[in-house]
Amino acid sequence: MADIYHEIPPRFQVEIDREKCRLCERCTVNCTYDVHSFQGERIVTRSENCVACQRCATMCPQGAISILPGKISFAPHYTYSERIRRIIYEQASTGGVMLAGSGTDLPYRVIFDDLLLDAAQVTNPSIDPLRETVETVTYLGRKPDRMFVTEGDGKLTVSRGADYPNVQLSTPIVVGHMSLGSISYNACVAILRAAKEVGTMVGTGEGGLHPDFYEYADVINSEVASGRFGIEPRYLKEIAALEIKIGQGAKPGHGGHLPGEKVDALISETRMIPKGTDALSPYPHHDIYSIEDLAQLIGALKEASRYRVPVGVKIAAVHNSAPIASGIARAGADFITLDGLRGGTGAAPRIIRDHAGIPVELAVAAVDRRLREEGIRHLVSIVAGGSIRYAADLVKVLALGADAAMVGQSVLIAMGCRACQMCHLGNCSWGIATQRPDLTRRLDVDIAAQRLANVFHAWTEELREILGALGIDSVESLVGNRDRLRYVGPNPKVAEVLGVKHAGEPWSD
Ligand code: SF4
Ligand code: SF4
């Protein structure tokens, strides 16, 4: 008997305008989900396979294809929403844990959208960034706790007590960790080129660094994950920073998983594992069960890199991020990365992606405040990510306490990603989240790199414009300056945790 129960109504309806269609079959070539096929002198569609990646509609020379919401409505039910029912139907068919790519699409409130920026008026005049300097250069790493002023030969000399390795960024934006494996070779090259042009830093993800990318080592932040894939002394001499990954916003408490099908020759060489084997990194680091253990690894990495680069620690934003960050700072880390609930991923259990962790806005404010209260804020820089969507989020996350913002999904979108959330399938029709050679070459490296660099340049200009409007002449003066934010959301408790006043309340005395 046919299993009628698994016939779930399609999420999307693919329609072809037969008047316009010239039967060129470009849709059949471009769709990686077998939606279109040429049968009996016409294009036939299987809408149930469609993920709305928009590739076919974009590539159709006749504009004949429409991707519409599914035609069959689910009976309205507030508790058992269409989304919930689809999950249950799918698990009833597969009996498995559902994976998902990208960041959560559940409608959690984006706290950035409940924050407004102050603007300079009369007594604190604004700054015109076209005529005056507004500094966006940012340094990541430990800072000295005091400056020394000496007098001699009739002049005062100011000097720092100690020098610590810092990464210089031309703009307070870094690219988060997206490994070769989770994204394609071409996507990696495009990101590295854009970062080099702009003057920022790129995370390797947990896959190590392919030898082809060594020429970009000076913009590389090399991740040390629990699987310890691909760490190689050759590139430790050249890289900009090292970062221990304890957690990730999209899957707090989880390790990494790259399915064996995606471990081809290229990935095998980079991760230093046999071809075709699953690259599974354990949930915890099996040598880290305390802050003291973490301090040992930080020390070992500093020694391995000859104390040349800052060593960071990345954690997922969770309820007790502030005390954890305090421990990390005291363990000798030079920067802490906080990755929030809405952060992206190449593959994560959907249930974790959608329900574990907290928004980065809350974590960054709590961590910055705690480190300042303890007088150790200078020990570490804070990097914060997890859905930094545009320049407004960048400014707000800095004002909440981050020294730099980490971006991932926005990077992919700049290069053409349609946020279909199917990265885990490895069939990305845009050549981004895939290792299939026929798909990887769809991503033109020159165009993708230029588009991404354009976004970074645009955000940096907008950052300057906002800083000018705030009457602030440098990023450094914005960091943790929560008095320049006001809350307009519905929940006063959120404002209290953020340490931000409500709109209409004046500055602190
Ligand atoms: S190319 Fe993408 S949008 Fe077009 S039919 Fe296939 S899955 Fe759907
Ligand atoms: S990278 Fe590709 S598969 Fe992943 S969300 Fe974007 S378009 Fe979809």
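The values are calculated or read from the model by the stated rules, or taken from the named source; none is laboratory data. Quick caveat, the model's predicted, so the values are computed rather than measured. Counting neighbours? That spans all protein chains shown, and the Cβs are built from the backbone with ideal geometry, glycine included.
Quick look at the values:
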item: Some residue of region 133-153 being loosely packed, with under 11 Cβ neighbours inside 10 Å and under 28 Å from ALA392 (Cα atoms); result: yes
item: Residue within region 17-35 that is away from ligand 2 (no atom under 16 Å from the Cβ), in a strand (DSSP E or B) and modelled with pLDDT of 95 or more present; result: no
item: Candidates LYS493, LYS501 - the one that is more than 30 Å from ASN30 (Cβ to Cβ), out of contact with any Pro (no Cβ under 7 Å at 6 or more places or on another chain), surrounded by fewer than 16 Cβ atoms within 10 Å (Cβ to Cβ) and basic (Lys, Arg); result: LYS493
item: Single condition PRO144 does not satisfy, out of (1) free of Cβ contacts under 8 Å to residues at least 24 places away in the same chain; (2) not assigned by TED's automatic domain parsing to the domain that holds GLU238; result: (1)
item: Complete set of residues in region 411-423 that are away from ligand 1 (no atom under 15 Å from the Cβ) and surrounded by 24 or more Cβ atoms within 10 Å (Cβ to Cβ); result: VAL411, LEU412, MET415
item: Residue that is nearest to ARG342 (Cα to Cα) [pool: residues in region 228-250 that are crowded, with 23+ Cβ neighbours inside 10 Å and of a type outside the set (A, V, I, L, M, F, W, C)]; result: GLY249
item: Flag for GLY101 being within 25 Å of HIS355 (Cβ to Cβ) and either within 16 Å of ligand 1 (Cβ to nearest atom) or hydroxyl-bearing (Ser, Thr, Tyr) (or both); result: yes
item: Positions within region 186-222 being charged (D, E, K, R) and farther than 16 Å from ILE173 by Cβ, in sequence order; result: GLU206, ASP212, GLU215, ASP218
item: Top-ranked residue in region 49-83 [being in a loop (DSSP other than H, G, I, E, B) and under 23 Å from GLU19 (Cβ atoms); ranked as nearest to ligand 2 (Cβ to nearest atom)]; result: GLN54
item: Selection within region 84-96 - of a type in the set (S, T, N, Q) and assigned to a loop (DSSP other than H, G, I, E, B); result: none
item: Test: residue in region 96-107 that is without any contact (Cβ under 8 Å) to a residue 12 or more places away in the chain, over 26 Å from GLU7 (Cα atoms) and of a type outside the set (Lys, Arg); result: yes
item: Which listed residue, of ARG377, ARG418, is among the basic types (Lys, Arg) and out of contact with any helix residue (DSSP H, G or I) (no Cβ under 7 Å at 6 or more places or on another chain); result: ARG418
item: Residue within region 53-69 that is within 16 Å of ligand 1 (Cβ to nearest atom), surrounded by 12 or more Cβ atoms within 10 Å (Cβ to Cβ) and at pLDDT below 95 present; result: no
